[in-house]
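Engineer: Sharing a structure below in structure tokens format, with a few things to ask.
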Amino acid sequence: MRFISIIVYRHIIALNGAWAGMFCNVVLEPLVFLVGFGFGFARIMAGEDINTDYLTFVLPGMMLWSSAATAIIEGSFTVHRRCFDLKLWQAWLATPLTLPWLLAGETTAIALRCFVSSLVMLLMGALLGAHINLWWLAILPLILLVCVAHAAMGMWAASLATKRDQLMAMWVFLGSTTLIFGGALTPTTTFPSWVNAIFSYLPTPHALAFIRPMADGTLAFESLWYHGAMLALITVCSVALALTGFMRRLYKEA
Amino acid sequence: MTAKAPLITAENLTKTYPAQGKAPAVHAVQGVTFVVQPGTCTGLLGPNGAGKSTTMRMLMGLTRKSGGSLSIFGTDTESLSRTQRTRISLVPQDDNLDPDLTVAENLFVYGLFFGIARATLKDRVPQLLAYMQLEDKADARVSQLSGGMKRRLTLARALVNDPDLIIMDEPTTGLDPQARVMIWQRVLELKKQGKTILLTTHYMDEAQRLCDHIILIDHGTVLDEGTPKQLIARHSKPHVFDVTKPVPAALGKLKLGEYESEDVGDSILYYVEDAITFRKQLPETATYLHRPANMEDVFLKLTGRKLRE
């Protein structure tokens, strides 16, 4: 745990002088999306698939998507820079720090950033008029889990990419699809079942299957075992892939 | 008097990088055996691609060995305990400093990884910055430092844990003479403090000046090892005459053919046992430089003059 706290501390002091960028990235941009979709898009969004007002519907989706986007970018592009361009990871790994703890530290730092972003969105959503109850607080730990899965997916991609440009492909398969097909903006029931089957590798549809019923108080645990198992499986597989990817890249081929 | 146990022991060490695509497998290290005694400075010398950096990386546990054994403090490098790892430091070839942090923060955060208490680091970081003449740059970002300053900071970072073993991979490459001399002074001081240093360098004068023991490697194997004096005595005559071309015609008529010589383009090097006798044979018109044989002569003799990429 000591190593995790050191890496988180390093990331916090690294923000010194970069707060404006952090504010835009973590707070402002997600809010722009929330306001844009919550009000603008909401006027044309209505239907039997949505059993609440659109702002309340889209809020958990936007919280998840902005967290996922942050986790993917930080886990892939930023980690790739630190590991391969700056060779900073090699410097850290020359200390008693080991690779699993390094990944755990990076993931925790990313998850904390996502947590802050989600919390701000939740508060802003409440101010904008979304119907929020105490169940929404239970969404936050779930968002952390989704962050871990996305960060690990990003890190796996980073461990494979020989150039940072290659990570753009990962963004298309993970970031853009999360927004469009992950259920952030529209219920996944609006897509054909084969589309949902293709994108079942994404963590967000499974997380939203928990979060939306949780938010409107209709959560039925017995019907959610599939999504729970998928979410756990995706997270475990992503972490394992990231770890083996970096083990291979840093130790076997280096 | 009892002999100290070696601090580093490598036996038949091998490293093979697997084939990647069309590129064949690379046998970077092929059965290297050596020991490093505590409290000494040992140089690992070789041309580019000789296997030096791979050996260094294996020592740091940053690359897994393919075969043989490699131990530090009597423990396999891949099984070193956390406590043992706190006694080792690395000065890598690249200045992989943290550009998002200030100079002082770089040392502070790195020290935390070694488990050093924050209170201790608050005292130690300014001391190290002063030792490396970087105290004025404590709050500067790494991007604001010159190449020499970055190197000094990298060396300071390697000292933050007060290590017993310091592994230096080309510590002075690319530095101006002033910065090189400063690093040399610090390395000699560290030696006096009883630290064990393993270094690689392309500068033979540096190796000769700093190292108690030198291991010459090429193509992943050890060519020879010993003290600089032993290596020079073993592989070169004690004197070198660098005779500028065109060599006077009279020179050829003398018994110069008896001497070992090497054409190096604009001059001919003569390796000589008895400098006085040789000088007597040189015509007055000859332009030459007389110097003692050095590690560069040994290095070029053993590894050849062909360029390595």
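Engineer: May I ask you to list the residues in the stretch A:93-107 that are assigned to a loop (DSSP other than H, G, I, E, B) and facing chain B (nearest Cβ under 7 Å)?
Structural biologist: Matches in the stretch A:93-107: A:A94, A:T95, A:P96, A:L97.
Engineer: Among (1) more than 10 Å from chain A (Cβ to nearest Cβ); (2) assigned to a helix (DSSP H, G or I), where does B:T154 come up short?
Structural biologist: Going through (1) more than 10 Å from chain A (Cβ to nearest Cβ); (2) assigned to a helix (DSSP H, G or I) one by one, B:T154 breaks only (1).
Engineer: How many of the residues in the stretch B:9-19 are surrounded by fewer than 22 Cβ atoms within 10 Å (Cβ to Cβ) and either within 26 Å of A:R249 (Cα to Cα) or of a type in the set (K, R) (or both)?
Structural biologist: Qualifying residue count for the region: 7.
Engineer: Next question. Out of the residues in the stretch B:203-228 that are free of Cβ contacts under 8 Å to residues at least 60 places away in the same chain and open to solvent by 50 Å² or more (accessible area, probe 1.4 Å), which is farthest from the chain's Cα centre (by Cα)?
Structural biologist: B:R209
Conditions (1) at the interface with chain A (Cβ under 8 Å from one of its Cβ atoms); (2) among the hydroxyl-bearing types (S, T, Y), marked per residue:
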residue	(1), (2)
B:T86	yes, yes
B:D98	yes, no
B:V109	yes, no
B:L121	no, no
B:L129	no, no
B:L134	no, no
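Engineer: Another question about this same structure. All but one of (1) surrounded by fewer than 18 Cβ atoms within 10 Å (Cβ to Cβ); (2) assigned to a helix (DSSP H, G or I) hold for B:G68, so report the exception by its number.
Structural biologist: (2)
Engineer: Still on this structure, I have one more. Among the residues of the stretch B:246-283, which ones are at pLDDT below 80, open to solvent by 60 Å² or more (accessible area, probe 1.4 Å) and assigned to a loop (DSSP other than H, G, I, E, B)?
Structural biologist: B:P246, B:L254
Engineer: I'd like the residue in the stretch B:74-84 that is assigned to a helix (DSSP H, G or I), out of contact with any Leu (no Cβ under 7 Å at 6 or more places or on another chain) and surrounded by 12 or more Cβ atoms within 10 Å (Cβ to Cβ) and, out of all such residues, is nearest to the other protein chains (Cβ to nearest Cβ).
Structural biologist: Here the residue is B:R82.
Engineer: For the stretch A:4-31, give me each residue that is within 20 Å of the chain's Cα centre (by Cα) and polar (S, T, N, Q).
Structural biologist: A:N25
Engineer: Mind telling me which of the residues A:M247, A:M170 ends up being more than 22 Å from A:I132 (Cβ to Cβ) and either open to solvent by less than 50 Å² (accessible area, probe 1.4 Å) or touching a strand residue (DSSP E or B) at 6+ places or on another chain (Cβ under 9 Å) (or both)?
Structural biologist: A:M170
Engineer: How many of the residues in the stretch B:157-190 are within 14 Å of the chain's Cα centre (by Cα) and either β-branched (V, I, T) or assigned to a helix (DSSP H, G or I) (or both)?
Structural biologist: Counting residues in the stretch B:157-190 that are within 14 Å of the chain's Cα centre (by Cα) and either β-branched (V, I, T) or assigned to a helix (DSSP H, G or I) (or both) gives 9.
Engineer: Another question, if that's okay. Which one is nearest to B:D297 (Cα to Cα), of the residues in the stretch B:20-60 that are open to solvent by less than 10 Å² (accessible area, probe 1.4 Å) and within 11 Å of chain A (Cβ to nearest Cβ)?
Structural biologist: Residue satisfying both the conditions and the ranking: B:M56.
Engineer: Which of the residues that make up the stretch B:192-223 are of a type in the set (S, T, Y) and either closer than 20 Å to B:F34 by Cα or touching a strand residue (DSSP E or B) at 6+ places or on another chain (Cβ under 6 Å) (or both)? Explain how you work it out, then say what you get.
Structural biologist: Of the stretch B:192-223, the ones of a type in the set (S, T, Y) are B:196, B:200-201, B:203, B:221.
Passing the criteria: B:T196, B:T200, B:T201, B:T221.
Engineer: Could you please tell me which pairs satisfy a Cβ distance under 9 Å, a separation of 6+ or placement on different chains, a first residue in the stretch A:4-29 that is away from chain B (no Cβ under 14 Å), and a second residue that is assigned to a helix (DSSP H, G or I) and open to solvent by 30 Å² or more (accessible area, probe 1.4 Å)?
Structural biologist: That search, which allows pairs on different chains as well, returns A:N25/A:I73; A:N25/A:R113; A:V26/A:R113; A:V26/A:V116; A:V26/A:V120; A:V27/A:V116; A:V27/A:V120; A:V27/A:M124.
Engineer: As an exercise: evaluate B:Q133 against (1) open to solvent by 10 Å² or more (accessible area, probe 1.4 Å); (2) free of Cβ contacts under 8 Å to residues at least 60 places away in the same chain; (3) under 17 Å from B:D205 (Cβ atoms) and give the number of the one condition it does not meet.
Structural biologist: Among (1) open to solvent by 10 Å² or more (accessible area, probe 1.4 Å); (2) free of Cβ contacts under 8 Å to residues at least 60 places away in the same chain; (3) under 17 Å from B:D205 (Cβ atoms), B:Q133 violates only (3).
The values are calculated or read from the model by the stated rules, or taken from the named source; none is laboratory data. Because the structure is predicted, anything quoted here is derived from the model rather than measured. Because the Cβ atoms are built from the backbone with ideal geometry, glycine has one as well, and the counts that use them run over all protein chains shown. Quick note on the areas: whole protein, heavy atoms, side chains included, nothing else; ligands and nucleic acids left out. Shrake-Rupley method; radii C 1.70, N 1.55, O 1.52, S 1.80 Å.
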